[in-house]
Amino acid sequence: MEQNEKDEINQSEENILDNNDQKEEQSVSSSEDNIAPAVDLEAKVAELNDKYLRLYSEFDNYRKRTIKEKSDIIRSAGEDVFKAVIPTIDDFERAIKANESVTDAAPIKEGMVLIYNKLKASCISKGLEAMESAGKPFDADIMEAITHIPSPSDDMKGKVIDEIEKGYKLGDKVIRFAKVVVGN
């Protein structure tokens, strides 16, 4: 019996050793499994960081490009207006040169009216519109009251008596408020 007991003890010891070896192998394989996901995570983080940097660079380039385009548009925005006004300036220069030897005022007046009409037509073609305010009720959104005077009649109270400077709109936007005298 003693021999059987010794054999059982040896068998138990071998089983314990085998179990320990299996546990070590499992721990080694599980640590390798843990290393593989860690490497995968680092690669994924590097990939996402690269994508982020590229996206940020693209956005920064877009922002710079749009700023440049806006400044170019602002710089050249008045070009059409100046192209329309330059012929009128040429007409004024020719009129001044022609008026040096003229003694009669009638041709000078006629020339000034022609140049005025040409300039006005150029401005209207670009969307400039004069606002009429004389005799209308005072509107603070499009008019600026310079002074108040006693109205000549009761129906003119709160209305524009005189227009000192015309107001102008470009499309729907007021670009110069009319300066008016209001009756009270």
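The values are calculated or read from the model by the stated rules, or taken from the named source; none is laboratory data. For clarity, every value in this text was computed on a predicted model and none was experimentally measured. Every residue, glycine among them, receives a Cβ derived from its backbone with ideal geometry; neighbour counts consider all protein chains shown. The accessibility values were calculated without ligands, DNA or RNA, using every heavy atom of the protein model including side chains. Shrake-Rupley method; radii C 1.70, N 1.55, O 1.52, S 1.80 Å.
Could you check how many residues of the stretch 133-184 are of a type in the set (D, E), open to solvent by less than 70 Å² (accessible area, probe 1.4 Å) and more than 26 Å from C123 (Cα to Cα)?
Let us first name the residues in the stretch 133-184 that are of a type in the set (D, E), namely 139, 141, 144, 154-155, 162-163, 165, 172.
Pick out the ones that are also open to solvent by less than 70 Å² (accessible area, probe 1.4 Å) and you get 139, 163, 165.
Subsequent filtering for residues that are more than 26 Å from C123 (Cα to Cα) retains none.
Looking only at that region, the number is 0.
Within the stretch 91-109, being of a type outside the set (V, I, T) and either touching a residue at least 12 places away in the same chain (Cβ under 8 Å) or surrounded by 11 or more Cβ atoms within 10 Å (Cβ to Cβ) (or both) holds for D91, F92, R94, A95, A98, N99, P107.
Of these, A130, A121, which one is modelled with pLDDT of 85 or more, outside any helix (DSSP H, G or I) and open to solvent by less than 90 Å² (accessible area, probe 1.4 Å)?
On the way: A121 fails: outside any helix (DSSP H, G or I).
When all the criteria are applied, what remains is A130.
Would you call A77 open to solvent by less than 90 Å² (accessible area, probe 1.4 Å) and more than 30 Å from D172 (Cα to Cα)?
Details: open to solvent by less than 90 Å² (accessible area, probe 1.4 Å): yes; more than 30 Å from D172 (Cα to Cα): no.
Criteria not met by A77.
Would you say V174 is assigned to a strand (DSSP E or B), within 30 Å of N184 (Cβ to Cβ) and in contact with a Lys or Arg (Cβ under 6 Å, 6 or more places away or on another chain)? Here the answer is no, as V174 does not meet what is asked.
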